[in-house]
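Before any comments, here is the structure.
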Amino acid sequence: MHYLYCIAISFICLLFYQCSTYKISDMQYESYRIVDSLDRDSTALLLINNYKSELDSEMEEKLVYNKTDMYKRLPESELGNFMADVCLERTKKELGINIDLAILNYGGIRLRSISKGWIKKAQIFELMPFDNFIVAQNIRGDTLKMLLDQIAAYGGWPISGAAFQIKNAQADSIFINGLPIDAEHHYTISTSDYLANGGDKMHLLAEIKQIQTGILLRDALIDYCENVNASGDSLYFETKGRITKR
């Protein structure tokens with residue numbers, strides 16, 4: 001009986017909802033300024049402080065020793081090479097296929113520099129704060145040329161496995177793994193899902209199927225640093241003339 005009663009009530013409410021329209025006749029609000037003089041909620045503070053202490057401890061973790069200052073610059077930089085190389089190598093590892101080159105966006109580098117010395121986990125989160133996944137895409141050489149032309153017009157982006165010159169705001173003398181680009185050849189690129197979805201006006205990539213790795217670029221950077229440290233080595237990246245202007 002109770003079950004039938006509940007159904008009846010629900011049915012009446014549904015009819016009322018469907019046959020009724022609502023309009024806001026009046027709205028009242030108050031604004032509050034967050035200042036130091038406000039009373040603090042001790043329960044909330046305790047909860048926050050417990051998490052903050054744990055998070056601060058994790059962020060202070062030393063990942064690897066960095067041998068030299070790394071900067072964010074155009075057309076090529078140490079930070080860009082670091083991120084692009086890690087992106088390329090991690091994609092190969094996760095997918096078990098050949099990856100010809102990696103492309104990342106300059107705006108995705110969120111630190112101006114990382115100084116010589118120990119790199120902490122917090123710095124990698126600052127360098128790459130976005131939850132961007134690494135993906136692979138298969139692309140024809142002529143489409144890749146247009147993509148690199150766009151990168152050249154931007155003044156250069158982080159790349160790995162490729163090299164070219166910027167001439168008249170276009171990509172010239174393009175080499176992929178040491179060989180001249182072939183307009184009809186299909187290349188496999190590694191990039192972020194942000195770019196693959198057309199971010200930063202990379203509309204050329206938005207129409208191309210993605211192969212997911214399931215790995216966040218930030219996690220790949222952290223793992224790389226930890227692996228280098230575990231091997232007893234240090235981090236060292238330099239510019240190598242991947243992108244030059246003439």
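The values are calculated or read from the model by the stated rules, or taken from the named source; none is laboratory data. As the structure is a computational prediction, the values presented were derived from the model and not from experiment. With ideal geometry, Cβ positions are generated from the backbone for all residues, glycine too; neighbour counts draw on all protein chains shown. Areas reflect the complete protein model, heavy atoms only, side chains present, ligands, DNA and RNA absent. Shrake-Rupley method; radii C 1.70, N 1.55, O 1.52, S 1.80 Å.
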| said: Restricting to the range 191-207, give me the number of residues that are open to solvent by 90 Å² or more (accessible area, probe 1.4 Å) and either out of contact with any helix residue (DSSP H, G or I) (no Cβ under 9 Å at 6 or more places or on another chain) or not aromatic (Phe, Trp, Tyr) (or both). | reply: 4
| request: Provide a single number: the residues in the range 144-159 that are within 21 Å of the chain's Cα centre (by Cα) and within 13 Å of Tyr106 (Cα to Cα). | output: 9
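So which of Ile208, Ile215, Ile189 ends up being at pLDDT 95 or above, among the hydrophobic types (A, V, I, L, M, F, W, C), part of a strand (DSSP E or B) and under 14 Å from Asn138 (Cα atoms)? Before the answer, list the steps.
Values: Ile208 fails: part of a strand (DSSP E or B); Ile215 fails: under 14 Å from Asn138 (Cα atoms).
Of Ile208, Ile215, Ile189, the one residue that is at pLDDT 95 or above, among the hydrophobic types (A, V, I, L, M, F, W, C), part of a strand (DSSP E or B) and under 14 Å from Asn138 (Cα atoms) is Ile189.
I'm trying to understand the selection: among the residues of the range 213-244, which are charged (D, E, K, R) and within 13 Å of the chain's Cα centre (by Cα)? Quick ask: steps written out before the conclusion?
Start the filter on the range 213-244 by keeping residues that are charged (D, E, K, R), which leaves 218-219, 223, 226, 233, 238, 240, 242.
Answer for the range 213-244, where residues must be charged (D, E, K, R) and within 13 Å of the chain's Cα centre (by Cα): Arg218, Asp219.
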| Which one is farthest from the chain's Cα centre (by Cα) among residues in the range 131-143 that are surrounded by 15 or more Cβ atoms within 10 Å (Cβ to Cβ) and not in a strand (DSSP E or B)? | Gly141
| Can you tell me how many residues in the range 81-137 are more than 18 Å from Asn227 (Cα to Cα) and of a type in the set (Val, Ile, Thr)? | 7
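Return the only residue of Ala230, Ala153 being without any contact (Cβ under 8 Å) to a residue 12 or more places away in the chain and open to solvent by 60 Å² or more (accessible area, probe 1.4 Å).
On the way: Ala153 fails: without any contact (Cβ under 8 Å) to a residue 12 or more places away in the chain.
The unique qualifying residue is Ala230.
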| field | Residue, surrounded by the most Cβ atoms within 10 Å (Cβ to Cβ), within the range 60-111, restricted to residues that are closer than 21 Å to Ala136 by Cβ and among the polar types (S, T, N, Q) | value | Thr91
